[in-house]
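One structure below.
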Amino acid sequence: MNIFSGNSLWQLVYQSDAVSKFVLLILFGMSVACWAVFIGKLALLHIKERQFRNMNKNAQRAKTVTDLVDITTTARNTAPSYFIAKNLAFLKELSSGSFGQKIDSYDWELLERNIDNSIDAMLAHNEEYIAILSSSAAVAPLLGLFGTVWGLVHSFMRISETQVADIATIAPGIAEALITTLAGLIVAIPALIMFNYLHTKTRALEHSLILLADRMTFILQQLRGR
């Protein structure tokens, strides 16, 4: 495809100066990073979403702490089983190695804090690297704008050097400006879409995690001392 006075897009990039090439290189790196984060997190969140959906179904049928242990053992090596097992291990420490022993109000408060901390830790892990997408969506247009201004400056500099304001003189600078602007939008628009989509997925996963925590807390109420 030929554009802009017979020059191909790649020729325009090749003929641009070092600053414009550096901006394009940064934008290319940001695009690669965004797509890598999106694909990786999307696959991971999809797996966790299925795991929590199955675990919540099983947890709704659980009535005792033994049932919780059983479903955790059945679904081992999954995110929800790790969450339950971590809190059951903490409970076991509080009850001196036995799940059948009652715990007092102080120990129950410690258990609730441990559950909340576990939720926060898992949510933080789910949101890891997603900030790259929001940052790229915000920074990429600014880099494109910088390239635009730089290209226009080059156009005026060429006019000053040649004392001629024809299309052949200003065309290269305008080309640099348009290419970097286009590249910035190509990076920013998908990054914003990917960030919003993953943010929605993480919020849905947070809801599933809180449901599981509430069900586990309800079952563990049996061990709370009066």
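The values are calculated or read from the model by the stated rules, or taken from the named source; none is laboratory data. Quick caveat: nothing in here was measured; it's all calculated off a predicted structure. Methodologically, a virtual Cβ is constructed for each residue, glycine included, from the backbone with ideal geometry; neighbour enumeration extends over all protein chains shown.
Annotations for the structure displayed:
- Only residues that are of a type in the set (D, E), part of a loop (DSSP other than H, G, I, E, B) and more than 30 Å from S31 (Cβ to Cβ) were counted in the range 100-134, giving 1.
- Filter pass, A137 being at pLDDT 75 or above and assigned to a helix (DSSP H, G or I): yes
- Among residues of the range 1-49 being hydroxyl-bearing (S, T, Y) and surrounded by 13 or more Cβ atoms within 10 Å (Cβ to Cβ), the one that is modelled with the lowest pLDDT is S16.
- Conditions (1) at pLDDT 80 or above; (2) farther than 19 Å from M216 by Cβ; (3) not in a helix (DSSP H, G or I); number of the one not met by G97: (1)
- Residue ID - nearest to D116 (Cα to Cα), chosen from residues in the range 171-210 that are free of Cβ contacts under 8 Å to residues at least 60 places away in the same chain and buried (at least 21 other Cβ atoms within 10 Å of the Cβ): A188
- For the range 92-111, taking the residues that are under 20 Å from S81 (Cβ atoms) and in contact (Cβ under 8 Å) with a residue 40 or more places away in the chain, the one that is surrounded by the most Cβ atoms within 10 Å (Cβ to Cβ) is identified as L111.
- Going through (1) more than 30 Å from L133 (Cβ to Cβ); (2) in contact with a Lys or Arg (Cβ under 8 Å, 6 or more places away or on another chain); (3) aliphatic (A, V, I, L, M) one by one, L45 falls short only on (1).
- Set I186, I179, I193: member being in a helix (DSSP H, G or I), modelled with pLDDT of 95 or more, more than 30 Å from K57 (Cα to Cα) and under 35 Å from the mean Cα position of the chain (by Cα): I193
- Subset tally (residues that are surrounded by 15 or more Cβ atoms within 10 Å (Cβ to Cβ) and either β-branched (V, I, T) or in contact with a Lys or Arg (Cβ under 9 Å, 6 or more places away or on another chain) (or both)) for the range 50-67: 4
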